[in-house]
1. Looking at (1) surrounded by 13 or more Cβ atoms within 10 Å (Cβ to Cβ); (2) within 11 Å of the ligand (Cβ to nearest atom); (3) in contact (Cβ under 8 Å) with a residue 40 or more places away in the chain; (4) more than 16 Å from the chain's Cα centre (by Cα), which is the only condition K18 fails?
2. Starting from residues that are assigned to a loop (DSSP other than H, G, I, E, B) and within 10 Å of the ligand (Cβ to nearest atom), keep the ones in region 115-149 and report whichever is nearest to the chain's Cα centre (by Cα).
3. Need the failing condition index for Y86 against (1) in contact (Cβ under 8 Å) with a residue 40 or more places away in the chain; (2) within 8 Å of the ligand (Cβ to nearest atom); (3) open to solvent by 20 Å² or more (accessible area, probe 1.4 Å), just the number.
Amino acid sequence: MTIKTFIAMSLDGYIAGKEDDLSFLPTEDPNNLENDFGYRFFYESCDCIIMGRRTYEITKDFPKQSFENLPTYIVSSEDGENFINYKNILNIPHQNIYVLGGGVLISSLINDKLIDDIELFIVSTVLGEGIPLFKDIHIEFEVISTKQVLNNMTHLSLRRKK
Ligand SMILES: NC(=O)c1ccc[n+]([C@@H]2O[C@H](COP(=O)([O-])OP(=O)(O)OC[C@H]3O[C@@H](n4cnc5c(N)ncnc54)[C@H](OP(=O)(O)O)[C@@H]3O)[C@@H](O)[C@H]2O)c1
């Protein structure tokens, strides 16, 4: 099983600003819709999505791309449709898991050495406060590649050191 994520954070490590504000994220260039920063390629390498209950609440009404149709599980301590408990993540019947977010879930998975790969996009905005991506993390990643993809965003491919 491989568990990986594709996520953007501010220069100071926040995946959302105050009150879940996502306006620091670059929007797609309407003149260059081909440039999705590798998202479709990444998405098609996965066979299911997991996300934290807060990310689910915030993103459930966001528009979807035509290809976005993977089975989705919401990690929560509550019961609900497609909800799973954190301790059952390794039991889901899929092999290539896309962790959509957010920081609480990703930090837990990193600390439990369950995240293998991170496609990390660093936006050169300092938010000062918000939802951190890395919380109480003490683990090393290797840099597989780096690429500046916009004048205000750099992509790092990271792999957990085994
Ligand atoms: N920049 C980006 O690319 C990006 C991507 C995704 C999300 N986001 C943003 O991230 C924010 C949400 O992130 P967040 O860190 O606040 O919350 P989150 O990780 O999305 O969800 C937290 C909730 O998930 C459940 N959960 C997660 N890990 C758990 C664990 N180890 N054990 C038990 N339950 C666990 C709990 O649900 P219960 O409380 O129900 O038990 C917990 O309250 C939103 O603003 C969203 O828009 C940004």
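The values are calculated or read from the model by the stated rules, or taken from the named source; none is laboratory data. Quantities reported herein were computed from a predicted structural model and do not represent experimental measurements. Here Cβ is always computed from backbone atoms with ideal geometry, including for glycine, and neighbour counts include all displayed protein chains. Each accessible area value is taken on the protein alone, full model and side chains, heavy atoms only, with ligands, DNA and RNA left out. Shrake-Rupley method; radii C 1.70, N 1.55, O 1.52, S 1.80 Å.
1. (1)
2. Initially, region 115-149 is screened for residues assigned to a loop (DSSP other than H, G, I, E, B), giving 115-116, 124-130, 133-140.
Those still in the list that are within 10 Å of the ligand (Cβ to nearest atom) too: 130, 133, 135.
Details: G130: 16, L133: 9, K135: 14 Å.
Filtering region 115-149 for residues that are assigned to a loop (DSSP other than H, G, I, E, B) and within 10 Å of the ligand (Cβ to nearest atom), the one nearest to the chain's Cα centre (by Cα) comes out as L133.
3. Going through the list (1) in contact (Cβ under 8 Å) with a residue 40 or more places away in the chain; (2) within 8 Å of the ligand (Cβ to nearest atom); (3) open to solvent by 20 Å² or more (accessible area, probe 1.4 Å), Y86 breaks only (1).
A quick yes/no check of all residues on (1) among the aliphatic types (A, V, I, L, M); (2) more than 11 Å from the ligand (Cβ to nearest atom); (3) buried (at least 20 other Cβ atoms within 10 Å of the Cβ):
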| residue | (1), (2), (3) |
| --- | --- |
| F24 | no, no, yes |
| F41 | no, yes, no |
| N82 | no, yes, no |
| L109 | yes, no, yes |
